[in-house]
4 protein chains.
Amino acid sequence: MSRPARVGDPVLLISPDRKTRLVYLEEGKQVQTHHGVIPHDALLGAPLGRVVHTHKGIPYLALEPSTADLLQYLKRRTQIVFPKDAAYIVMRLNLYAGRRVIEAGTGSGGLTLAFARAVYPDGHVYTYEARPEHQALARKNLATLDVNACITWHVRDIQEGFEERDVDAVFLDVRTPWEYLAQVRDALTMGGHFGALVPTTNQVAQVVDALYKMGFVMVTVEELLLRAYKPVPERLRPEDRMVAHTGYLIFARWVGEEGTPWSGPHLRPVAARKAAERS
Amino acid sequence: MSRPARVGDPVLLISPDRKTRLVYLEEGKQVQTHHGVIPHDALLGAPLGRVVHTHKGIPYLALEPSTADLLQYLKRRTQIVFPKDAAYIVMRLNLYAGRRVIEAGTGSGGLTLAFARAVYPDGHVYTYEARPEHQALARKNLATLDVNACITWHVRDIQEGFEERDVDAVFLDVRTPWEYLAQVRDALTMGGHFGALVPTTNQVAQVVDALYKMGFVMVTVEELLLRAYKPVPERLRPEDRMVAHTGYLIFARWVGEEGTPWSGPHLRPVAARKAAERS
Amino acid sequence: MSRPARVGDPVLLISPDRKTRLVYLEEGKQVQTHHGVIPHDALLGAPLGRVVHTHKGIPYLALEPSTADLLQYLKRRTQIVFPKDAAYIVMRLNLYAGRRVIEAGTGSGGLTLAFARAVYPDGHVYTYEARPEHQALARKNLATLDVNACITWHVRDIQEGFEERDVDAVFLDVRTPWEYLAQVRDALTMGGHFGALVPTTNQVAQVVDALYKMGFVMVTVEELLLRAYKPVPERLRPEDRMVAHTGYLIFARWVGEEGTPWSGPHLRPVAARKAAERS
Amino acid sequence: MSRPARVGDPVLLISPDRKTRLVYLEEGKQVQTHHGVIPHDALLGAPLGRVVHTHKGIPYLALEPSTADLLQYLKRRTQIVFPKDAAYIVMRLNLYAGRRVIEAGTGSGGLTLAFARAVYPDGHVYTYEARPEHQALARKNLATLDVNACITWHVRDIQEGFEERDVDAVFLDVRTPWEYLAQVRDALTMGGHFGALVPTTNQVAQVVDALYKMGFVMVTVEELLLRAYKPVPERLRPEDRMVAHTGYLIFARWVGEEGTPWSGPHLRPVAARKAAERS
């Protein structure tokens, strides 16, 4: 059962003509709509998931936004990760309650939110960002959410390395991930998960090459395409246009330098290698 | 930092020639490989994410499997959900620590596992399956995982309704989801999330139509395509073949019958409807 | 070697800032650009595929448009077929020099052009359209092209049937293709090709069902997705957005009612059927 | 109306259990099937597109194969181009009756066939292949087809250049297309079309880069995905698996070195360049 809405909670408001907006609840404040005013006090204290009315009597839907909804409504200076990618990254990094994960850069905080949701309540997200103004926006975006307690914010160039050790996963959403793999390796626990999102094929090639040189194992490169359909039962068909590319997703695991024989795209049986070394 | 491996833990073993298998640890047992024997005792008591050796001295990688890995290795009588879909369903149903979710049917337990991972430690998964032998397999698949404590297993035809009330989400992976929407509505909290996975366009049309008739809101139909690349830096290209279809994903929310004006594929402003009703 | 440009020829003009337009050459006329004027006479009489200059000395590229280019620049009242679909339809209908094909409806003439290009010089396209104003536009679009000699224009409701017999192929780009299969059958030669383009899954199901009832064989349903890349060597990546759906392509062949045993989606060996009929 | 089948014609034979095979007609020969024998003489002299019977009275469908069918049944030493790609390449190279096109390499003759079909009867295909045994197979594949008259076969390393001049299009299906662009340029007419098919992103980057350096214009990079559906009206859904990658298609046009200002991925207005050169 949903708990009553509190100060700081985000609310999804949907007008009769299906316009959607996100508001954060504050005492004494009002939402101005073109159908009249909705006082925040009409939303506070009762569970969301219901119809509220403006002072003119026009009904609005008031819903608790999902993490996927929040990703779409966060204030942004940068491209925000899409729900399809955020969800898959969480699963491939094996994030769940109790896990500790490093992320760089913070950007607008979209992935920070998805990670914090996954590791809540007793895990932790350490997020790094070199540009203070970006991280300030991300912090503001997530300030009133309960998951905020699971996040440590670092303003720092990751060239200098990460502060944490033995973390379960590291995700890089930066332009040149291949430059920071030594730092990643130092921070990861044995068996830990590495992930990166890059937009171009050139970057993919550079990351994968660097992962092999470093001895990372189980390297994969994937992309996810989301195709939405017009939800009309008697004329069911895909939407006319779609987002064709958000980025390539690269995942790998780190097991120490002992992993080197398992690194690389080709099968290199250890037995064969041993034979080769003998001759 | 990873905890030491314990009895019941699943372990991913990777041979030098990249063959992968999953074993569950038991005291005194042995893994037979074509490179020699690995005693389970060599894996118990130390963290995974390292190299172990067979009695012939051949190295194997021993890794903690991720949820995505487990999905691929579960014993199955039915099609198991793909990680891409499981991850996206978890996000779209807004599942996280503390949430309560109903699932039907259990199948081989793949989605049960993904849901339990997401709501762990203080949420709950209530899973329904009409065929006892399927659920028995699913229970066995998840028996030794810590998330098992979050799962209630029901062998029951969902035509008779769900036992729980005020749950945060209901997911139907059954052949005729449209037949059970009254039962879904009775079980969902206000604002709760509905989801379904169906393989054919005919089923999509029937589900969406039924959702509108019932007054569900925010109905979407989507599908996810995962394209894998050969991870070879100097010859980067997609794999030759891919899984072209796993299923259509349908999501909606339930806000009670008050939601009816927001239901349906077309914009139907309430104001316009009122005017129409007056005349 | 390209022949000299003549009155009536279409020309693709590309400005220094990469704006593209299509003009049809007329004696004594001028193209007005924001870089000055280009007289048609400067284009007439010499092969295209070169740089011309405005009266201000600004260079423009003047190219012979390909069929694919023309498809994009035709004046339209209706959605014009995309080059990817037009090309594949031509191949699947097995159209080439000498073939005779019926098309309905004409629309803006896009597919008419692609078909005429394929069957030129000694084949023929018979195109049907119920709305005279659409066909008038299509005729104007193709009026000065050499392929125009291969086209017969019918303004007629195809419910009344087609005038031609023994044609090699019939293509239906209409809303309810399943209503005209008897007419298609009457017009097709034995072994002839049927094709249709429909936007919704509901229409696909209706067409396919009707094809089976009629005894058409080799029924296929396909769709083509074109993914364009940003052609930047050092940052190669797909375009951000793409056309996600143009239509489902249905193809089949007609061999007379003798074909019935080969119709339908399931294997129905004739031997098994005979046995069944005997008992 | 289909003409009577003649010696050398290819025939598609489909058994009652939907097994398909391709035979070339010869006088006095027989097709052995597991339902009995079909003499070629039963097929010669009458139009295809009908049912024939084995000596045991079992019916077989006998159809004229389309170009798309032939592409699937050609004997091969190399990967044969897919119909989706062949069709699109024909359209993007603007091939039609009368056009002259160079192709390298010949491979198994799949694209040679598609090109010859398109330019027949008065155009020509000049096909180059360095490995005599490949071209021998391709020649044999197409030997009895009418389009064979439109094909000139060259066994030659294209490093030495092409023999023809002023051709309308050149298509390279070779491993390193960027090495032969000077030869392409020498052979193309002004405004002529260039195309290439390469499997990896690394090759795409190299081809595109070389095209810009050479001054080619209108450079595009695309790929086509064909998604097939199970043609079952009441359970319409995509096939489970699909071909995920056949190759990247690169197209460009050649207008001489005057075209250089239009080359390159970014807008580079000539006016701006002139100003820069002056200072």
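Please treat every number below as a calculation from the coordinates, not as lab data. Model, not experiment: these values are computed from the prediction. Reconstructed Cβ throughout: ideal geometry from the backbone, glycine too, with neighbour counts over all protein chains shown.
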| When Cβ neighbours within 10 Å are restricted to other protein chains, what is their mean count per residue of peptide B:57-66? | 5
| message | Could you derive backbone 3J(HN,Hα) for the range A:178-191 from the dihedral phi with the Karplus parameters 6.51, -1.76 and 1.60 (θ = phi - 60°), listing whole Hz in sequence and x where the residue is Gly or Pro? | response | 5, 7, 10, 6, 5, 5, 4, 4, 5, 8, 7, 6, 5, x
| note | Within the range C:183-217, the residues whose backbone N lies under 20 Å from a label point placed 7 Å from the Cα of C:E257 along the Cα-to-Cβ direction are C:183-192, C:209-217
| query | How large is the helix-only mean residue ellipticity at 222 nm for chain C, computed as the sum of -39500 (n - 2.57) over DSSP H runs with n ≥ 4, divided by its residue count, in deg cm²/dmol to the nearest 500? | reply | -7000 deg cm²/dmol
| remark: Computed over chain B: longest principal axis from alpha-carbon atoms vs helix B:132-142 long axis, angle to nearest 10 degrees, is 60
| said: Please list log₁₀ I(q)/I(0) at q = 0.06, 0.08 Å⁻¹ for the protein assembly as shown, using the Debye equation with identical point scatterers on the alpha-carbon positions. | reply: -0.57, -1.02
| request: Quote the relative contact order of chain C in percent (integer), defining contacts as alpha-carbon pairs under 8 Å separated by 6+ residues. | output: 12
| request: Search the structure for amide H atoms under 5 Å from the amide H of D:A244, placed 1.01 Å from N in the peptide plane, and list their residues when 5 or more places away or on another chain. | output: B:R241, B:M242
| request: Two decimals is fine: what is log10 I(q)/I(0) at q = 0.08, 0.09 Å⁻¹ for chain A, from a Debye sum with one equal scatterer on every Cα and no solvent? | output: -0.43, -0.52
| Euclidean distance between Cα centres, the range D:4-67 to the range A:56-106, Å | 61
| In sequence order, calculated HN-Hα J values of the range A:4-21 (Karplus, 6.51, -1.76, 1.60; Hz; x Gly/Pro) | x, 5, 10, 4, x, 5, x, 10, 8, 10, 10, 6, x, 9, 6, 7, 10, 9
| said: Using each residue's phi in the range B:225-242, evaluate 6.51 cos²θ - 1.76 cosθ + 1.60 at θ = phi - 60° and report the 3J(HN,Hα) Karplus result to the nearest Hz, with x for Gly and Pro. | reply: 10, 9, 10, 9, 10, 6, x, 10, x, 8, 9, 6, 6, x, 4, 5, 10, 9
| query | In terms of modelled amide H atoms, which long-range or inter-chain residues lie less than 5 Å from the amide H of C:D9? | reply | C:L25
| said: Filter C:K230/D:K19; A:K213/D:K84; B:K56/B:K84; C:K56/C:K230; B:K230/C:K230; B:K84/D:K75 down to the pairs with a C-alpha to C-alpha distance above 31 Å, please. | reply: C:K230/D:K19; A:K213/D:K84; B:K56/B:K84; C:K56/C:K230; B:K84/D:K75
| request: Between A:R165 and D:D186, with labels modelled 7 Å along Cα→Cβ, what's the label distance in nm to one decimal, could you check? | output: 6.6
| said: Test of understanding: ordering A:T260, B:T54 by Cβ neighbours within 10 Å, fewest first, what list do you get? | reply: A:T260, B:T54
| query | Given H placed on each backbone N at 1.01 Å, which residues far from C:G105 in sequence or on other chains put an amide H within less than 5 Å of it? | reply | C:D173, C:V174
